[in-house]
Amino acid sequence: MTTRVKRAFKYRFYPTNAQAAELSRTFGCVRKVYNMALAARTEAWARQERVNYNQTSAMLTVWKKTEELAYLKEVSSVPLQQALRHLQVAFTNFFGKRAKYPHFKSRKKSRKSAEYTTSAFRFRDGELTLAKMREPLDIVWSRPLPEGVSPSTVTVSQDAAGRWFVSMLCDDPRIKPLDATDAAVGIDAGLDHLLTLSTGEKIANPRHERRDRAALAKAQRRLARKAKGDGANRAKARRKVAKIHARIADRRRDHLHKITTRLVRENQTLVIEDLTVRNMVRNRKLARAISDAAWSEFRSMLEYKATWYGREVIAVDRWFPSSKLCSTCGTLQDKMPLSVRTWTCACGTTHDRDMNAAKNLLAAGRAVAACGAGVRPQRSSPGGQSAMKQEVSRREP
């Protein structure tokens, strides 16, 4: 029996002036309720007390009855309740040591969004109408929803560039495990080439940020010259910068989606390196290039698509010497600076650095799959004989 996969379908839409005003009021109310509930729970935490979702929901009822917060009754109550549920999830993750303590939402910096459940919207004949609205949203249907499926939740958002989006969470019966295959691939992430595969293929790095770097720098200089109190002009300049960032992000995301979908469809096992991107971007010389490569986003896409289609992603420990180890004879080199792109082993094999690393990752991944987690290779001898001293560990997708 196959279980249906929940999938979000995101579309751009163009609201009328009245709809935009209603959604903007809703965003503000959602932020206000979230911050007030967080303040109440923080004060209770200081008194060594815990406040749960039900208590904050009761507080919301009281807030709506006050003269100061009576405007909360003007918007749909569902997004406000959902904001309290999101806060509850944030605290659950905090107490489970999976996240930091929740922080307050900023009017300028926080994401503008509101979530509606089935009681607060109507989806009929391909038209979506939200609570407190008379007309359906003017959605650009860039791809169809699964036939005969209605969304369970709808999230409306506005990005920094001023674009409006609606995300519909649906069961997608079209996502099913693919037929099993014996194909496996090692994937080495890099900067000269975005990805190098153990099959010999190299995927070019489009360097999306570099393409728009001049335009971005120009827009940022114009924004910097605007006085902080220069309302409309500063907002216009800020939106111009945000549009360039959005264009870069859209191109990058589209490229990664195409790559990850192809890799998952073609291979049963995908082996990657467990990179600590958060630490790597501290390198000032490489931070910009690493951020543009979006290795974390690539891994995230690869893992959830592998789960969808019945594939396996194996992450090899970051200390595994994939670049310094000869994939032919197993000899471990003492040093391998980043400037060295090709090298010749004592066995006479000349290696492309990235290709060699991809092959070693595939071999390590196969060993992990066969032997399980915690495989410890042998230690290298003083003479540089075949060995590895790093531990290979498996990370479940």
* Structure fact -> Farthest towards the positive end of the dipole of the chain, among 168, 95, 38 and with Cβ unit charges of +1 on Lys and Arg and -1 on Asp and Glu, lies the Cα of 38
* Between helix 353-371 and the chain: long-axis angle, C-alpha atoms, 0 to 90°, nearest 10 -> 80
* Asked: What residue among 298, 104, 320 shows peak mean-square fluctuation when the chain is described by a Gaussian network model with Cα springs under 10 Å?
  -> 104
* Dipole magnitude of the chain about its Cα centre, charges +1 at Lys/Arg Cβ and -1 at Asp/Glu Cβ only, in debye to the nearest 20? -> 2020
* Most mobile of 125, 192, 274 per a Gaussian network model of the chain (Cα springs, under 10 Å)? -> 125
* Asked: Any idea what the dipole of region 191-342 comes to, in debye rounded to 20, about its Cα centre with Lys/Arg Cβ at +1 and Asp/Glu Cβ at -1?
  -> 1640
* Determine the calculated [θ] at 222 nm for the chain from helices alone, applying -39500 (n - 2.57) to every DSSP H run no shorter than 4 residues and normalising by the residue count; nearest 500 deg cm²/dmol. => -13500 deg cm²/dmol
* **region 238-342: GluC sites (Glu not before Pro) in DSSP loop, at most 11 other beta carbons within 10 Å** => none
* Structure fact -> Rounded to the nearest 10, the angle in degrees between the Cα long axis of helix 77-95 and the longest principal axis of the Cα atoms of the chain comes to 40
* Structure fact -> The alpha-carbon center of region 156-235 and that of region 315-333 are separated, in whole Å, by 31
* To do: Evaluate the Debye formula for region 5-172 with equal point scatterers sitting on the alpha carbons, no solvent, and hand back log10 of I(q)/I(0) at q = 0.09, 0.10, 0.18 Å⁻¹, in q order, two decimals.
  => -0.34, -0.41, -1.19
* Rounded to the nearest 10 degrees, what's the angle between the helix 53-65 long axis and the longest principal axis of the chain, both from Cα atoms, 0 to 90? => 30
* Pairs beyond 28 Å (Cα-Cα), from 97/285; 73/226; 65/132 -> 97/285; 73/226
* Asked: Say the dipole of the chain comes from +1 at the beta carbon of Lys and Arg and -1 at that of Asp and Glu; which of 349, 308, 13 then lies farthest toward its positive end?
  -> 13
* Order by neighbour count: 292, 182, fewest other Cβ atoms within 10 Å first, most last. => 182, 292
* Coil-residue chymotrypsin sites (Phe, Trp or Tyr not before Pro) of region 141-217, DSSP, other Cβ within 10 Å capped at 12 -> 141
* Asked: Within region 98-130, whose backbone N sits under 14 Å from a point 7 Å along Cα→Cβ of residue 85?
  -> 114-121
* Asked: Given labels modelled 7 Å from the Cα in the Cβ direction, how far is it in nm from residue 95 to residue 239?
  -> 4.3
* At residue 297 and residue 178, where each label point lies 7 Å from the Cα along Cα→Cβ, what is the point-to-point distance in nanometres? -> 2.2
* Cα centroid distance between region 269-289 and region 24-52, in Å? -> 36
* Going by how many other beta carbons lie within 10 Å of each one, how would you line up 6, 228, fewest first? -> 228, 6
* Among 117, 342, 260, which one moves the most in a GNM of the chain with springs linking Cα atoms closer than 10 Å? -> 342
* To one decimal place, what orientation-averaged projected area in nm² is obtained for the convex hull of the Cα set of the chain? -> 25.6
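To the nearest 20 debye, what charge dipole does region 5-172 have about its Cα centre, counting +1 at the Cβ of each Lys and Arg and -1 at the Cβ of each Asp and Glu? Kindly include the intermediate steps, with their values, before the conclusion.
Values: 29 positive and 15 negative charges, 153 e Å.
Magnitude of the dipole: close to 740 debye.
Since every read-out is calculated from the coordinates, none of them should be taken as a lab result. Note that the structure is predicted; figures quoted are calculated from it, not measured. Please note: Cβ atoms are built from the backbone with ideal geometry, for glycine as well, and neighbour counts cover all protein chains shown.
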